[in-house]
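Since the structure comes first, as structure tokens, the remarks are kept for the end.
Derivation of every value follows stated rules applied to the coordinates shown; laboratory data play no part. Since this is a predicted model, take the numbers as computed values, not measurements. Positions of Cβ are backbone-derived with ideal geometry, glycine not excepted, and every protein chain shown enters the neighbour counts.
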Amino acid sequence: MNHANDEPFFQPGRNCASVRRAERFSLLIDGADYFRVLREALTRAERTVFILGWDIDSRMKLTPGGADDGYPEALGDFLHALAGDKRRLRIYILAWDFAMLYAFEREWLPVYKMGWRTHRRIAFQMDGKHPLGGSQHQKLVVIDDRLAFVGGLDLTRSRWDTTAHAPDEPLRRDANGAAYQPFHDVHTMFDGDAAREIGLLARERWARACGKRLAIRSHRAALRQDPWPPSRRVDLEDVDVAISLTEPDYLGREPVRQIRTQYLDAIARARRSIYIENQYFTSGTIGAALAESLAREDGPDLAIVAPRNQSGWLQEVTMGVLRARLHTLLKNADTHGRYRLLCPSVPNLGDEIVNVHSKLMIVDDALLIVGSANLNNRSMVLDSECNVSIDAGADTRIRRAIATMRDTLLAEHLGCEIADVVRERQARNGMNAAIQALSRDRDEYRTMVPLDPQVSTELDQLIPPEALIDPETPIAADELVDQFVPAEKTRPLIGRFALLGMFALMIVVVAGLWHWTPLGDFVNLKALTNATRHIDSLPLAPLWIVLCYVIAAVVAVPITVLIATTGIVFGASWGGAYAFIGTMIAAAMSYSLGNWLGRDAVRKVAGARVNRLSERVAKRGIVAVVVLRLLPVAPFAIVNLVAGASHIRMRDFMIGTMLGMGPGIVLTVAFAHQLVASLHRPTVGSFAVLIGIGAALIGVSLLLQRFLGGKQQHAHEGAPSDADKSRASDEAKRASELRENGTLPRETSTKNERPDEVNS
């Protein structure tokens, strides 16, 4: 598509939902900047506050250095106090429901529902209106429908940091006092009709999530003060802001893919430079467009700033592998030497990194895109996302402001002044040439260093190209089973168990460090052992052990932790027996409880989205239960409840649980027991046993392949149930009524969008 300067770039209904005017607009760089002005703005709220997020933690502090506003520091207490002081203020908090569902399995307290000491003027809702595999990923706050914040920062732990990203920053600690690595992100703040439009979006999402209309319309109320925080400068005045969305096809709602379309349009229009900051870089569709741009003789410079590696081992061997593949694609397309993949570097960080979490693109000093959408498939078609963007067109005032925003980010990463970036960029007539000229020794100075992610051939073969790692479509229940129990090809199953084996081998390395480094001084299993061994001395000890195990498992203590602890305390033989018996009894009891409570009651516990799996999974019987036990679809106790409330037969459920968890229990207990033995008496032989157990996990995959590989899978995703259709009809009617009353924006058509493109 040819985008001439005199043609409007934003096309509502195609690459954006709407374009609205903002009197003031600012780019907020890093958490210290965003959280400070957000807190200041919240203290000026009078009628309504909407908070939408992927994750929310009531314990996080917006200003860890202290705030001089008279309110408590922790977010939950702060909002509670605000609601108590302002009698006309209503606060609405909408968070992704799966974060709560996974809270127990992730081994952190479920602080963000129980942690909110809910004031009657604070409403908390978990958003479950997403297809399986999708999430509520929008990160926005709207105050009085007059001031909006949209970007990549959630109000949760481990997000606050300054632009210095100092390795020894004393305030960069979570609610438990633990330090975390430097964190970089960007957010936006704006007012006017654009903020009002974000308010309408928040209301629509709220109505969709809980089915309740909101009568309060704060934009019509006479407010006493301007919500814009006085301490924050304005970067741009009187500018049009486009709002773009991603929404999946769900319960009859048409899919919205404006963000992907806008990214593709922006890349096609670029002539001089494309500057990107993003947490993930795995979308084959976006990668193909960038490769085409690099192949053009007159194409732009492309600089992508990303974290050195992905957060955690699991993401590194999944999303990290996909990023390496896309990087190879762009290197091969870069015949003119215009591509750079970079990461920020700060001296004395050691093994830590600057965690780049931004979702930002700046094209030709003319187009700014900021929001929640990563450059991965999920953000393009599956998760609910919200981006805002500004197109300068021929307006030199806006062009200068956008260029300054990009140069400010470059100066931060390169450890220099903005004037240095401007000077080098103009002198060398290019963005990448300026970056190269300003790069310095990483051991002594803050700078950016080239990234060249590589993965071994073996690991590359183990990771599927898309599947569950970065899906382009919602994951249906039957497709979930097919991914791991395919009719003909069984390699994905082997790969997943091989990854488990590799994980076990990594623990061997940690065990060695535990014994031969100071790590052992900080982590001590003696207390755990002493606290549980006294049960073994009681009368009828085995019954008490199994009873405690069952109670813990039923109340959703992570089953993996229980199994490992049993192995550590009671050894491989008795620990394995206790763990197996306790797991099976706990599964049966939870199943029976779900059967007794019924479908409606379980839906309230597990969420409607997980509950809808039960009908489809029931058709697969034993195989489906085995797969659910192998995959982290939901915590152990939740799966049991959902199974009991569904049509899965008790016999199939118990056999599937035995087959799916039995080998894992044996290996986990043996591994935990051997780990403790190796720590007490480290020998080459003891560590060889540990390595053998890790290798056994891979062997188990071969046995499961033989058992499951012969089962033919022919069923397909069923049509929505009558209940689903009824809910969709009710939602459509409710949305229609809200739009007629002027409360909700009208849906934008997506019929003109280009068809889905297949990832390479």
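Listed values for the range 199-213 are Karplus-derived 3J(HN,Hα) couplings in whole Hz (6.51 cos²θ - 1.76 cosθ + 1.60, θ = phi - 60°), namely x, 5, 4, 4, 5, 5, 4, 5, 4, 5, 6, 10, x, 10, 7, and x replaces Gly and Pro.
Residues with beta-carbon under 12 Å from that of Asp68, excluding Asp68: net charge, scoring Lys, Arg +1 and Asp, Glu -1? Local net charge: -1. Using Cβ point charges alone (K and R +1, D and E -1), the dipole size of the range 266-399 about the Cα centre works out to roughly 160 debye. No solvent, one uniform scatterer per C-alpha: report log10 I(q)/I(0) for the range 18-225 via the Debye equation at q = 0.08 1/Å, two decimals. For the range 18-225, the Cα-only Debye profile gives -0.26. The distance linking the range 324-352 with the range 232-250 is 29 Å (Cα centroid to Cα centroid, whole angstrom). This ranking places Asp161, Asp298, Asp334 by how few other beta-carbon atoms lie within 10 Å of each, fewest first, which gives Asp298, Asp334, Asp161. With the gyration tensor restricted to C-alpha atoms of the range 251-458, the semi-axes of the equivalent ellipsoid amount to 25, 23, 17 Å, longest first.
What residues from the range 16-59 fall in the zone where the backbone N is under 17 Å from a label point 7 Å along the Cα-to-C-beta line of Arg87? Taking a point 7 Å out along Cα→Cβ of Arg87, the residues of the range 16-59 whose backbone N falls under 17 Å are 46-48. If the label point is 7 Å along Cα→Cβ of Thr163, which residues in the range 410-425 have backbone nitrogen under 15 Å from it? Only 410-422 fall inside the zone, counting backbone N under 15 Å.
Leu330 sits among other residues whose Cβ lies under 11 Å from its own Cβ, and their net charge, with Lys and Arg +1 and Asp and Glu -1, is +3.
Here Ser573, Ser372, Ser590 are placed in order of increasing Cβ neighbour count within 10 Å, fewest first, which gives Ser573, Ser590, Ser372. For the peptides 54-62, 13-21, the ranking by packing is 54-62, 13-21, with the highest mean count of neighbouring Cβ atoms within 10 Å listed first. Of Lys86/Lys129; Lys129/Lys359; Lys61/Lys359; Lys61/Lys129; Lys331/Lys359, which sit over 27 Å apart, Cα to Cα? Distance filter (> 27 Å) returns Lys86/Lys129; Lys61/Lys129.
The 3J(HN,Hα) values that the Karplus relation (6.51, -1.76, 1.60; θ = phi - 60°) gives for the range 46-62 are, in residue order, 10, 10, 9, 9, 10, 10, 10, x, 6, 8, 9, 10, 5, 8, 5, 10, 5 Hz. Gly and Pro appear as x.
Fewest-first ordering of Arg36, Arg88 by other beta carbons within 10 Å of each residue's beta carbon gives Arg88, Arg36.
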